[in-house]
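Input: a single structure, listed below in structure tokens.
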Amino acid sequence: MSDLRTRYLGLELKNPIVHSASPLSESLDKMKMLEDAGCSAIVMHSLFEEQIQHESRQLDHYLSYGSQSFAEALSYFPEAQSYRVGPDEYLNRIASAKRTLSIPVIGSLNGVSRGGWVEHARLIQEAGADALELNIYMIPTDPEMSGPEVEQMYVDTLSAVRTEVTIPLAVKVGPYFSAMGHMAKRFKAAGADGLVLFNRFYQPDFDLETLEVVPHLVLSTSWEMRLPLRWVAILYGRVDVDFAITTGVHTADDVIKGVMAGARVTMMTSAILQHGMGHVKPVLAGVERWMEENEYISITQMCGSMSQKNVAEPAAFERANYMKMLHSWQSDPTGFLP
Ligand SMILES: Cc1cc2nc3c(=O)[nH]c(=O)nc-3n(C[C@H](O)[C@H](O)[C@H](O)COP(=O)(O)O)c2cc1C
């Protein structure tokens, strides 16, 4: 039997499928079901900076960029009572999850500034979380804000959270940096033990009836995994952190590819929301079957085997791939072109 165990953020996990932050962790029963379904760890849904301090001056500073006023920006946030839980209840949930589950529980803080809210990182640690994931999700809409300023803001937020905790800390970010590799190094230098790549940006939609800008959540597909797959493959062995892939992990093949790129864990949310928790076991069985057929004895052995450092053609991850891809278009599968 192949060994599915992996080590992520210093945690010994029984396999590389972690349930990423989602509404399923709002219920202890559902978390228990995720454990029984085979997930090796659970990232809690996030506690948002906005939940902790609406009136923070730092938050004001960043939110007011690009919006006509701070008040207007806040008016678009969910009402306080529609948040999943308040900060105290969030901490209680971590504590009861820790009492009930035997798999690791990773807390999740979601914010963009250095305000007093970062103290909650320490409270999450005190509640018993095995590790913390910091999700920095920001849309820099102000034309006056430069790339270096945006990058510094990420680093400052991470550093502020780092000073609050001693448990392992991962940072979850989006792909929109002009120098992803350099940012990854800065995250490591600022104290990140892990990088969770990538946040999925939910693009707003227009409702043509009401002429409002509306949120419209569409779950991911496997295809979307290629972006984090590429970047984990590029960064593996170059930046000394544990990588996690989030976005587009649906099938056994996705998990295998993610690990071969260099991820210690692959995170799954959409697939579980779409197909139910029963989806995890067949995926794990598929991973194990593939490993046996291809004579891999362990996840550790597989990890990074297809990273840029280890493949025969490193250029496949760079500009050459783009050119090759465009030139690979040979025929017209639709048959509609003249
Ligand atoms: C309904 C829903 C709620 C989510 N809530 C959170 C959250 O609270 N914090 C967070 O960091 N990510 C959250 N995510 C993002 C997921 O953790 C994950 O990164 C994203 O869905 C991409 O992975 P997937 O392709 O497996 O769905 C949420 C996703 C969904 C679909």
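General remarks:
- For residue 97, the requirement of being at pLDDT 95 or above, within 16 Å of the ligand (Cβ to nearest atom) and open to solvent by less than 10 Å² (accessible area, probe 1.4 Å) is met.
- Residue match in segment 192-200 (condition: closer than 22 Å to residue 275 by Cβ, modelled with pLDDT of 95 or more and more than 9 Å from the ligand (Cβ to nearest atom)): no
- Filter pass, residue 162 being farther than 19 Å from residue 106 by Cα and open to solvent by 40 Å² or more (accessible area, probe 1.4 Å): no
- Of the helices (runs of 4 or more DSSP H) contained entirely in segment 261-338, those carrying at least 3 residues that are farther than 23 Å from residue 196 by Cα and open to solvent by 50 Å² or more (accessible area, probe 1.4 Å) fall at 280-293, 319-327.
- Checking segment 104-123 against the condition returns a match, with at least one residue being at pLDDT 95 or above, crowded, with 20+ Cβ neighbours inside 10 Å, away from the ligand (no atom under 15 Å from the Cβ) and under 30 Å from residue 221 (Cβ atoms).
- Failed item in (1) away from the ligand (no atom under 16 Å from the Cβ); (2) of a type in the set (A, V, I, L, M); (3) in contact (Cβ under 8 Å) with a residue 24 or more places away in the chain; (4) closer than 30 Å to residue 179 by Cβ, with residue 297 passing the rest: (4)
- When residue 168 is tested against (1) closer than 17 Å to residue 113 by Cα; (2) more than 14 Å from the ligand (Cβ to nearest atom), just one condition goes unmet, and that condition is (1).
- Index of the failed condition, residue 223 passing every other in (1) assigned to a helix (DSSP H, G or I); (2) in contact with a Pro (Cβ under 6 Å, 6 or more places away or on another chain): (2)
- Whether a residue is crowded, with 21+ Cβ neighbours inside 10 Å and under 18 Å from residue 40 (Cα atoms) was assessed, and residue 234 does not pass this test.
- Scanning segment 127-145 for residues that are surrounded by 14 or more Cβ atoms within 10 Å (Cβ to Cβ) and either polar (S, T, N, Q) or not in a loop (DSSP other than H, G, I, E, B) (or both) turns up 131, 132, 133, 134, 135.
Okay, residues lined up against (1) open to solvent by less than 20 Å² (accessible area, probe 1.4 Å); (2) within 16 Å of the ligand (Cβ to nearest atom); (3) free of Cβ contacts under 8 Å to residues at least 24 places away in the same chain:
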| residue | (1), (2), (3) |
| --- | --- |
| 204 | no, yes, yes |
| 211 | no, no, yes |
| 216 | no, yes, yes |
| 220 | yes, yes, no |
| 223 | no, yes, no |
| 253 | no, yes, no |
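The values are calculated or read from the model by the stated rules, or taken from the named source; none is laboratory data. Note that this is a predicted model, so its numbers are computed, not measured. Note: ideal-geometry Cβ built from the backbone for every residue, glycine included; neighbour counts use all protein chains shown. Accessible surface areas use protein heavy atoms only, side chains included; no ligands, DNA or RNA. Shrake-Rupley method; radii C 1.70, N 1.55, O 1.52, S 1.80 Å.
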